[in-house]
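Throughout, read-outs are computed from the coordinates displayed, never taken from laboratory work. For clarity, every value in this text was computed on a predicted model and none was experimentally measured. No Cβ is skipped: glycine too gets one built from the backbone with ideal geometry, and neighbour counts run over all protein chains shown.
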Amino acid sequence: MRTFKLTLAYDGTSYFGWQVQPQRPTIQSELQKAIATIVSQPVSVVGSGRTDTGVHAIGQVASCVVPWKSSGRNFGLALNTKLPLDITVTESVEVAHGFHAIRDAERKRYRYQLQMGGFDSPFERRFRWRLKQPLSLQLMQQAAKRLVGEHDFVSFQAAGSERATTVRTIFECVVYPQRASDYCDGLLLAIEIEANGFLYNMVRNIVGSLVEVGLRRKEVDWISSVLEAKDRTKAGPTAPAHGLFLVRVKYPPSIQLESDAFHSFDE
């Protein structure tokens, strides 16, 4: 038996999140089904995080232990022949036995995409929160800086998934304009947050709060007061799921055993 680290990209629109649910399509269930088809036995897959219904990924990571005799590259190639078209393995590599996609993660980075004004593009609407009103980029950038560092983020945690501690460290929280799209005429923004871990709906609640500042409904200093309040009712609304992407997960470099990893851009 060998352990593999899989990096996945997916459009989460048609799925009820990552985690297996009875009678509902999820990313984890589709991946486990594909692996079982290839190795001819049931396999349990561990994901780095449980993305919610409608949330997307560019760099979700999963770990699995399988009776696979060929390379990680060939494992990834085989999986992509069995997965739905909206789920892709972008990297597959053998790692040290005992690797765990959740426990061994050091950092995660999320991106939230916004559109200001313009028409409701059929090509962007599944991947952006469209706002009709203009946002102040400068005010949002100032407010985002207040979140960097080690804080108790309980004010940004949704109910339903209690944790032993609500203290997390945000290493970076940036708001920036994205390149104009041929598919819509609005202004495009993104918010990226990298941390050592996230609470349930923490990113979407932070985004909703930063948007309140961008709409000039709240002052920049309000973000600091929300942190200090330790009360979810003091923060802004939860941003819609469809604008959120898991961008990447960082692990110690020592976990990788294999140099012949499969990458989706290999010929």
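Figures for the structure shown
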| item | result |
| --- | --- |
| 13 Å Cα-Cα reach of Lys230 towards aspartates and glutamates, excluding residues that sit fewer than 8 places from it in its own chain | Asp152 |
| Length-normalised contact order of the chain in % [C-alpha pairs under 8 Å, at least 6 apart] | 26 |
| Contour excess over end-to-end distance, with Cα ends at Thr81 and Ala164 and 0.36 nm allotted per residue | 25.9 nm |
| Rounded FRET efficiency, nearest 0.05, which uses the C-beta distance separating Glu172 from Lys132 and R0 of 25 Å | 0.30 |
| Sequence-distant residues sharing a close amide H with Ala101 (under 5 Å, placed H) | Ser63 |
| Top of Ile38, Ile191, Ile170 by mean-square fluctuation, Gaussian network on the chain, Cα under 10 Å | Ile38 |
| Degrees, to the nearest 10: 27-39 long Cα axis against longest axis of the chain | 10 |
| Correct option for Rg/Rh (Cα atoms, Kirkwood Rh) [calculated from the coordinates] among [x] 0.99; [y] 1.28; [z] 0.93 | [x] |
| Vicinal HN-Hα couplings computed from phi for the range 135-151 (Karplus, 6.51 cos²θ - 1.76 cosθ + 1.60; Hz; Gly/Pro x) | 10, 8, 4, 4, 5, 5, 5, 5, 5, 4, 5, 5, 8, 6, x, 8, 9 |
| FRET E, pair Val148, His97, Förster distance 41 Å, beta-carbon r, rounded to 0.05 | 0.65 |
| At most 12 other Cβ within 10 Å, DSSP loop - chymotrypsin sites (Phe, Trp or Tyr not before Pro), the range 1-79 | none |
| Spatial separation of Cα centroids for the range 200-221 and the range 110-149, in angstrom | 10 |
| Relative exposure of Asp221, Asp182, Asp11, judged by other C-beta atoms within 10 Å (fewest first) | Asp182, Asp221, Asp11 |
| Calculated log₁₀ intensity ratio I(q)/I(0) where the Debye formula runs over C-alpha points of the range 125-252, q = 0.11 Å⁻¹ | -0.37 |
| Residue pairs, from the table Lys108/Lys132; Lys132/Lys250; Lys5/Lys69; Lys69/Lys108, whose Cα atoms sit over 27 Å apart | Lys108/Lys132; Lys132/Lys250; Lys69/Lys108 |
| Helix-only CD estimate at 222 nm, as mean residue ellipticity for the chain, using -39500 (n - 2.57) per DSSP H run (n ≥ 4) | -6000 deg cm²/dmol |
| Anchor Lys33: aspartates and glutamates whose Cα lies under 19 Å away (excluding residues fewer than 8 positions away in-chain) | Asp11, Asp86, Glu91 |
